[in-house]
Amino acid sequence: MSTAPASAPAPAVRYALYAGLLVLGALVGTAGALVQAAWFPLGLLLALLATAALFYGGMRATGNQLGLAAPAGGWLVAVIVLSLGRPEGDGLFGGGIGELLFLFGGMGAAVICTTVSRLPQGSS
């Protein structure tokens, strides 16, 4: 008895999944920006773990690199927009070491998840 391989989802479903991952990436980036500053250093660790889990989970859920690029793009846009501040001078990031570690750590997590090969399949 053999099982048929799962068919690929319809293009509309894939695009909706990528859009959802993009929005989820922006939400994780925003939440991470708030948490990393509020509970330093454990908040920074929590924010980076959530970021890496989202990137890797998106790649595993979709089975391709676009599943990683969508949340990473949303995360990066959210973090950059939050770091720009407002014309009045108000900004979410204060310019300390935690903010830099969050920014570079999140980008590093995206690169690591991109270069990680598929996990080896168990021998049968």
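A short reminder: the numbers here are calculations on the coordinates, not readings from a lab. Since the model is a prediction, treat every value here as computed from it, not as a measurement. Counting neighbours? That spans all protein chains shown, and the Cβs are built from the backbone with ideal geometry, glycine included.
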### Query
Failed condition for Ala52, given (1) more than 10 Å from the chain's Cα centre (by Cα); (2) within 17 Å of Ala31 (Cα to Cα), with all others met?
(1)
### Cβ pairs under 6 Å, 6+ apart, first in the range 17-34 and of a type in the set (Ser, Thr, Tyr), second buried (at least 17 other Cβ atoms within 10 Å of the Cβ) and part of a helix (DSSP H, G or I)
Tyr18/Ala70; Thr30/Ala78
### Hits in the range 42-59 (condition: under 18 Å from Ala16 (Cβ atoms) and of a type outside the set (Gly, Ala, Ser))
Leu54, Met59
